[in-house]
Every structure is written in structure tokens, then in C-alpha cells.
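The values are calculated or read from the model by the stated rules, or taken from the named source; none is laboratory data. If you're wondering where the values come from, they're calculated on a predicted model, not measured in any experiment. Cβ placement follows ideal geometry from the backbone for every residue including glycine, while neighbour counts extend to all protein chains displayed. To get the accessible areas, we keep the full protein, side chains included, count just its heavy atoms, and leave off ligands, DNA and RNA. Shrake-Rupley method; radii C 1.70, N 1.55, O 1.52, S 1.80 Å.
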Amino acid sequence: MGRKLDPTNQVKKGPGRKSRKQKGAETELSKFIPVEESEPKRQTSRARKRAGKRAQDPKKNKDVPEKKPLKGFTDENKDWLTPAKRKRKIDTPESEDDSDEMWEHEEDLEEEAAKVEKLGKKLLPIERAAKKEKRIRASMGVGSDDDDSDDSEVEMAGKIDDADADEEDTIQTNMEDMDSFKLPGAEERAKESVIPLDLQSVHQRIKENVDVLTNFAAKREEGKDRVDYIALLKSDLCTYYSYNDFLMEQLMDIFPVSELIDFLEANEIQRPVTIRTNTLKTRRRDLAQALINRGVNLDPLGKWSKVGLIIFDSSVPIGATPEYLAGHYMLQGASSLLPVMALSPQEGECVLDMSSAPGGKTTYIAQLMRNTGIIVANDANLERLKSVVGNIHRLGVTNAVICNYDGRQFPKVMGGFDRVLLDAPCSGTGVIAKDPVVKTSKDEADILRSAHLQKELLLSAIDSVNADSATGGYLIYCTCSIMVEENEWVVDYALKKRNVKLVPAGLDFGTEGFTRFKERRFHPSLRLTRRFYPHSHNMDGFYVAKFKKFSNTLPAAETGPDEDVTETSESVAVADKKSSKKEAGKKISVKESASPKVQTNGTVAKKPTNLQGQKGQKDQPTGPKKAKGQKDQPTGPKKAKMAKVDAKKSKEGEADSSDKQDKTEGSLVQKKHELKSPMMMKKKKRLGRNKFKKLTHVLKKGWNVE
Amino acid sequence: MRPLTDEETKTMFEKLSKYIGENIKLLVDRPDGVYCFRLHNDRVYYMSEKILKLATNVARDKLVSVGTCFGKFTKTGKFRLHITALDFLAPYAKFKVWVKPGTEQSFLYGNHVLKSGLGRITENTSQYQGVVVYSMADVPLGFGVAAKTTQECRRMDPMSIVVFHQADVGEFIRNEDTLT
């Protein structure tokens, strides 16, 4: 490995930066084996010269072993770049090969910039940083706490303050604290609400609380429930990290306590800046070289990406270098590479990116397709489309059509795509580090609202895919949220509504999606979806699901396309009902979810049973709901509305069921007829988005017409 | 979206030929399929016929951009090249100017190229000839018009202008709103 030298600014010959850095290992090796023979191919002429010089100079050899542990950066960056950054054990010769492999992903083997390999090999494990910070804070916290504790504790605190207190010590102090940790009584809490505790003592209390919760049987206080501890922890976390109650509750449901703390800590730290090489214009190796020459410290993103680079530090604004303007790279989060990799578009295909702004994923798709085929980049927001136009032209993408539709209209505009990427608008709970406003601005209604929109978008995305496509028929659904309501729930819904199945996303890391969450039970194949978290993967929180559409017909499980619309428009209400339905008859619902997949041809046979199932559920919506589904019930006016709709539905149910029974005989042929009358569709669709009053009225009218 | 009228085609091709000369026909007759120019919202887009067919599905007011935008017709009927056309100008350019690394930034901020920043220039460049501006690393940065002939450039004082700035890739950021 050697840095390719720019003839314009030639560096002095002789043992330069590199040789000084690697002196230790190389000379050590040369004692045992003659270096030139061991790897004759790898060494450049200059390296050989240097090795020769080293061999001649015995004095230098002597102090080499002493120098060995000093593995700093010996270039001009050394004043601020410390080797402490490197988290992995340093094993010079091997690690060199490692980094080689990374670069060899690209076409030809060449000598690589020495600087690149000097930098840390891996992403910074955030947890460690967080833990370190935590430890520091903890020691500070203890220090401040000791005012009101006895002398022995002061001593303990002192011990901790000794920077390298070994683990036994910390455990002991924890034990000590644990003895004294008691849940504050009601009066104390009341007092806190008047004079809030300082953050450090809150943090200390969180720590102690977590410790108790992780070993509850042993450390609990007699007569106190887990619920009490959890409640205290929740309110403490809300104060310390300034989240609102709702979001914290959701997060506590998703993560176990210890992981939760890691997650919250990770949200306080910015993710590293990453860029993606535009292989339409350059290669990663050349780009890295050019950026290094501009004083940027970078490293390959990871083994999983051939185009990603991670930027540690830069002396120039990374978003305004001539290379950036010339379209050689795109500033893009690591997480947004994943859905496109999962989509894996092929050359010559027709791909739809449903919500494309600001064009990062779109241009990545184009680059994977090598500017062949067609990409339709859509976005609902005209303002944001400007950045798509800019980026697409800057990166030299020539096969894109940019349009400005609402994604929900899509199969009507054009359909039959080989692949579709839906990066749905979401609450953004995965990117709290980027946008901390999310911490306090989201409540349940927001989540359910976006979940509803996502369901609509996902259905229309599925409808735009052509299942008969020779190469494709795939769809990627992804969000930058980690809420189950916006991810698994939406995917599960689509599985029931359309002839799609989940397939492995082709991403070999990430945690599996939930198949069960609280009272909800999802289809077992949801295990194939992937979740990414900031604390464990050091990228934005993200969710990726890959569908394969296996039939263009609509499954007959539910009552057809027109009913769909009404159902989705009832949005939250119906969705909630559904969840409560699930509670009522889990087994039924599981069957239901499986059925559209298994019986593609046997639609006629299946229909009545499903109808019955539905009817049965419609008839008894009140019973189990009251028993269990209290939490999901919308309150106030919504509830009233729901009740109204329920009543109407149950009335209609009887009238309709006969109608529908007739329809089942006609099966698909008839259904197509229905689809073909666009006026009807349009009418219903438009009204479907309106209020329930109008809806039922028109529905009746619709039936009459039929 | 509609095909260009004869008048418009003439105006545009005249403009283009200032930069790429007779290489224009390489743009029109391509071995890898039929390519064509279309006018949409006063802007000229260059696309393959395949994409054109698909784009007809999109309503006129919903269509933002197709293929590559070459430039726009002004209200007075003149044609103005946009920086987005650089991808197609650069490979076919007849006359080129290379700027020194220090001048790169100045040019990218919209300034003219001075003699002091001139790295190389194609021989026999005439005055007011359209040129494509490159960095010394052969990265196309924009285009402009030669202010002086190559001969005159040799004996000019360092602070005089050599290339008049017309468009540079910095406009992707500066004028993002008006690209289309």
C-alpha cells in the first residue's frame, strides 16, 4: 500500500510518514523473515528501498520495538487525530490486508492511499462512546450526590473519580447505592414537581432504577411493584432526555430497559457523515484520493457497501467541494443505502420511486442500473422536487422522469413497474438525532395518522407493481421510524390486503422485525423484515421490508377494491377495530392473514368463510373491545363516530351480505367489470376520503345502482 | 410537452454548435436508440424515445422534468443553455480551457476566468468561441465564452479576463430553484 503521489506536489523522498508509522511491525517482521521474499508482489519499489535502508541502519532498528506501542498518526493531522479513535485491537500487518480487501471490491488492485488505512477501520461503536460518557457522568453524578449521603459514600465517590476505577469497585458502589435506593414516596414526588431535581441526581436515580429492574427479584424493595419502578423510570427518563410521555412509553415497549438507555444516549449523538460514490462518474478509489488531497479524513463505510465512504473530519465543507458539484458523490446517510440495496434494481428495468425527495435513493437506483431502463421519481411536494431535479442532473442521471403526484393516485397514472421503492413519510422516530423536535412533538394521533397514510401508499405501491415481470415484481417498503404501528403493522395489513409475500431483504445485518408486539400478533414471515437502530448499527433508525408480488389479481379475502377505500378512509377507527378484532379471535385473524397467500386460485371457495368471519366480527365489535382494547380506543368525538359507523355497518351488513353473496359467484370476472367503470371508482374514491356521513349515504346509492 | 418548431430547433442548434460544433449530430443520431429534444414549460429536454413514451402518461402540470434539461427559451425567443447540459457538452467540446486549482473555486462562485488562473487552453481558439471549462484534473466545471484568442492570451496582463463565465456547476446549489 502506498499513496499515489501527485506529481504537482511531490513529497520528499526517504522514510516519510508511512514508514515511520509502520516501522514497528515491519522491522519486527524483518527480524524473522526477509520481508521482500514474504510478499514480493505487494511492495512498491520505494517500499523496498526503505526496507533496505532500514536494514542498513541498526540503530534505528533498536529503538523500533520501543516505538511500537506508539501508533499515532504521524502526518500533519497528528495534533488532533489520536489513535484512541481506533476501537479494534491494532494488528498492523493483518489489518492492512483487511483494508485491502475492502478496496479490492472495486475492479482493479492498486496501491491505496496510506492515510485511509491509518484511520480507524470500523465505525465508531456508539455504545462505547455512550458508555464512556455515561461513566464520566456517573462519576460526576456520584460526586454531586454525596452532599446528602454519609461519609463512607463520599469516600466511594472519591474512588470512582479515580479515572480508572476497576469494575469491581463500580459494582460495589452500585450495591451500596442500591441499599439506599428507595422509591420516593408520593409526597416526595409532589415536592419534586414544585422544585425539580437537578439532572445529575435524576440520572443517578435512573441508573439505580435500571439496576434494580434488571435484577428485580434480588434488589426490589419489599412491597413495591415493578409498575412503580417503571413509572418512576419513565418520568425520570422523560425529564432527563426531554421526551414526551407518549413517545417514551412507546420506546419502553419496544426496547428492554438496558437497551432503551443505549438508544436514548445514541439519539443524543450525531451519526457520522457518510457519502456515496457516484459510480456513473467516478470510482470510489479515485474519489477517496481526490478528497484526501483536499484534506478530508475518510474511510470505507463497511464491508456491506461498495460505494459508501465515511467522513471523519474535513477541512473543507464536504457539501461544496468541486467533486461534489461535479456530481462525483452524494451526501447520504448510511441507512438510506439499505433500501436500494434491498431493491437491487436490474439494468433495463422500469422502477418507481414513490417519494423520492431529495433524490439520494433515486440516484443510487440509477447508478445500480447504469443509466439504463427508466426511473420514475415521484414526490408529493413540489418544493422538495427541486432538489431531486438538481441532484439527478448533477449526478448525471439521464433516464429519470420526475413527476409530482400524490403517491396514492399512482396506479392510475401509470402502473406495471418492475420494482417499486416506497420510502413512506413517517413520524421520524428513527432520526431523533437529526431532528430532536420529534421527542416532544409526536403523540398517538400523529403516529396513527402516518400509519394510515402509509397503508394507503403501500397499497397503491403494490398495485403499481407488475407481478408478471420477468425480472422483478418486487417492492421495498421502508421508513425512518421505529414505531411498530408504522412498520410491522402496516406491512401486516398489506399482506392481508394484497397478493404479496415477504421475501428476505438481502441485508445480512439488522434485527428482525417483530412478529408479536404487545397485544398484536403479526404474520410469522415478518421475521424477514429488518430493523436498524442507532445504538446497535450506528445509523439512523430504519425499517426495511421487501415484498414480492405473486399475482396481479386482488385477493378476495376482503370485500374488493371499493370496500378497501372506505376501509382505509375510516382510518384510525377501523384500524383500531382491527386490532381489537385480533384480540378477540387471534386464531381467526392468523388464518385470515395466511389465507390470501395460500389460496390464490380458490378465491371463490374462500370468500364466504371470510365474509362470515368478518360479519361475525362486525356483529360483536363491542364485546371484546370493552374487555381488552381500551387503550387503543380513540376518545371523544372519534368514539362517537365509530359507534355510529358500527351501527350503520351492522345494519348494512345484513343488507349487503346478500348482495355480496351474489357477487361471490361472479368472482373475478365481475370484479374486473367493477374496476372497469372508472366513474364509479372515482366517485367512491373521492367520497371515501370524506366524512362518514356522506360515505354511508353514497354507499347506499352505489348499491342501488348496482 | 411538444417537439420543437423549426425556428426553435434552429436557434437551439446554433447555440449548441458554438460549443460542440458538428458533433451535434452525435447527439441526434445515437447508436444506442432514438433520442430527441422536447419542449416543456419553455425548457428543452433531451431524452430517449423510450422515456418519452412513458412520460406521455404524466399530466402536463404534474411533469417536472424528463431526461436531461438542456436549457430554456427566454421570453424574447433566445435560447439559454443551462449547466445541466454540461454532461453532454463536455465529452463533445471542441475548445477547452483548463483552470488552475486556485481559480477553481473562484470560477465555481460565478466569476470570470482571469489570465492568472488559466492553466491550459486549446490552440486556435478564436475570440467569442464557446469553451468548456475544466479543472486541471479534467473535471468539467462549466462553460463560457473565450474573451481573447489563444494568441492574444499569451501576452496579456495577468488580471485581464480570458473566459467570460456563462454557467458553472456551482449553480446546482446556487440556482437549484431555477434549474427547471
Sort out which residues of the stretch A:217-234 are closer than 16 Å to A:P256 by Cα and touching a residue at least 24 places away in the same chain (Cβ under 8 Å), and write them in order of number. A:Y229, A:L232, A:L233
Filtered residues of the stretch B:150-180 (kept if within 9 Å of another protein chain (Cβ to nearest Cβ), open to solvent by less than 70 Å² (accessible area, probe 1.4 Å), assigned to a helix (DSSP H, G or I) and of a type outside the set (D, E, K, R)): B:F172
For the stretch A:329-340, check the following and say yes or no: at least one residue is over 22 Å from A:G541 (Cβ atoms) and open to solvent by 20 Å² or more (accessible area, probe 1.4 Å). no
Report whether or not A:D418 is in contact with a Ser or Thr (Cβ under 7 Å, 6 or more places away or on another chain), farther than 30 Å from B:P140 by Cα, charged (D, E, K, R) and within 14 Å of chain B (Cβ to nearest Cβ). yes
Can you find a residue that is within 14 Å of chain B (Cβ to nearest Cβ) and hydroxyl-bearing (S, T, Y) anywhere in the stretch A:441-457? no
Among residues of the stretch A:383-412, those that are facing chain B (nearest Cβ under 7 Å) and farther than 21 Å from A:S460 by Cα, counted: 9
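Residues checked against (1) open to solvent by 10 Å² or more (accessible area, probe 1.4 Å); (2) more than 14 Å from chain B (Cβ to nearest Cβ); (3) under 27 Å from the mean Cα position of the chain (by Cα); (4) more than 16 Å from A:T274 (Cβ to Cβ):
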site	(1), (2), (3), (4)
A:Q289	yes, no, no, yes
A:S305	no, yes, yes, no
A:I310	no, yes, yes, no
A:S314	yes, yes, yes, no
A:G319	yes, no, yes, no
A:E323	yes, no, no, no
Residues (over 19 Å from A:Y477 (Cα atoms), among the charged types (D, E, K, R) and under 15 Å from the mean Cα position of the chain (by Cα)) located in the stretch A:393-438: A:K434, A:D435
Among the listed residues A:A470, A:A461, identify the single one that is free of Cβ contacts under 8 Å to residues at least 24 places away in the same chain, over 21 Å from A:Y243 (Cα atoms) and away from every other protein chain (no Cβ under 14 Å). A:A470
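Residues are listed down the side, and each one gets a yes or a no for (1) surrounded by fewer than 18 Cβ atoms within 10 Å (Cβ to Cβ); (2) farther than 27 Å from A:F263 by Cα; (3) acidic (D, E); (4) at pLDDT 75 or above:
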residue: A:E168; (1), (2), (3), (4): yes, no, yes, no
residue: A:A190; (1), (2), (3), (4): yes, yes, no, yes
residue: A:I206; (1), (2), (3), (4): no, no, no, yes
residue: A:L237; (1), (2), (3), (4): no, no, no, yes
Report yes if A:V376 is within 12 Å of chain B (Cβ to nearest Cβ) and buried (at least 22 other Cβ atoms within 10 Å of the Cβ), otherwise no. yes
